[in-house]
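Before any comments, here is the structure.
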Amino acid sequence: MQLKHKFIVLIFTLLAITIAFFMQADRIIQDSENNRLKSEMIVFAQTIMSYYLSGNLDAVYKMGNSFGYTQVENVPKNVTILYESFSDILYFKIFSYDSFMGFSIVFLEDTINFVKLVNRNVWDDYKILILLFQLNIIALLAFFLFHQVLRPLNKLRYAIDELKAGIYAKMIRISQKDEIGRLMAAFNEMNERISHLIKARELITRNIAHELKTPLAKIKLSLSLKDGDELKKDLNRYIDSLDRISQNMLEYERIQDGNFTLNFSEFMSESILFEALHDLENQKIVLSIIKSIKISGDLRLLGVAVKNLIENAIKYSDDGVVNIELSEKGIMFCNKGKPLQNDISYYFEPFYRGEITKSGYGLGLSIVNEIVKLHKMKIEYSYISDTHIFYIRF
């Protein structure tokens, strides 16, 4: 059963309960009024009984008129008997019909009947309006509740339809903090993670050909022009470049995966440098360890970040030298080179925000930035006296 059908059933159930309650209340009020009038008539009948039994009918009629009663000759046949009392010589009954209530006294063969017009009270005059008012209130409340529940669910359904159609990263505006609001927040979180992962993969797919193009072209050129040890040296260098590109792409996608978790452990900060440098041989690296401190993090990933910074510093250094300094505050990387053409935040974007890059930075700095953020650390950049300075602060 659809939700709107459930609400319709609920509304009709509430209306039925309201009508039943109204009818019960009306019956209780009517019974209460009838009981009051019955008690009044019994007391009145007992008051005039002595006059009636003595034959003083004038006094009986006079008292009846003074209390609003009218004497009638015959009682209609369709009356409703409300009370009866029998004895050998006396019969007493209270009855009602239309808007009248009355009583009859039969003594031997004599009969006297009194009736009284029952005045309609406020309840009788307005009970239909009261019922309609209650029904309208219930209908309005039900409609408001239905609208409040269905509107966010419809927004969620449309967002799911768009997600199925391939429209990602469209967040739902949340204006409530109930269970539905938490459901919408969970959808937004899931949608954002899926969108982030898909964009990362699309980014890699669009740019992988360009990233691999340069080392492959150099390999072809070396195979055509060189041989012997010189060719072997070039091939090893270009193969290392291809390996670095593929490893960066795999690492970037892994980091962007929503299920990615850090493998935390405690180690000395100098371990990060050893992790990064063990694959970097025959490089012009000047290492200065001022102070090593104990830190917590994913040693392998931090090693990847440091290795990328070292390789970029060597590759784009004017003299091929990179100076590394480790202190209790963090790790600093310095290399001589020309100033960057854009702000450093531009280069932290993968493939320069999806543009084809000719500088070769590719995913390197983007991976560094992602790893540093995952560890709640900071990366700073400055350019002073023809020197690029990258600083990972613990």
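So the values come out like this:
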item: FRET efficiency, Q341 to L145 (Cβ-Cβ, R0 56 Å, nearest 0.05); result: 0.40
item: Inter-site label distance for M23 and N35 at 7 Å from Cα along Cβ, in nm; result: 2.2 nm
item: Neighbour-limited loop hits for GluC sites (Glu not before Pro), the range 25-117 (at most 16 other Cβ within 10 Å; DSSP other than H, G, I, E, B); result: E73, E109
item: Per principal axis, descending, Cα span of the range 3-124 in whole Å; result: 76, 30, 22
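FYI, it's all coordinate maths here, none of it is from the lab. No experiment lies behind these values; they were computed from the predicted model shown. Don't worry about glycine lacking a Cβ; one is built from the backbone with ideal geometry, like all the others, and counts go over all protein chains shown.
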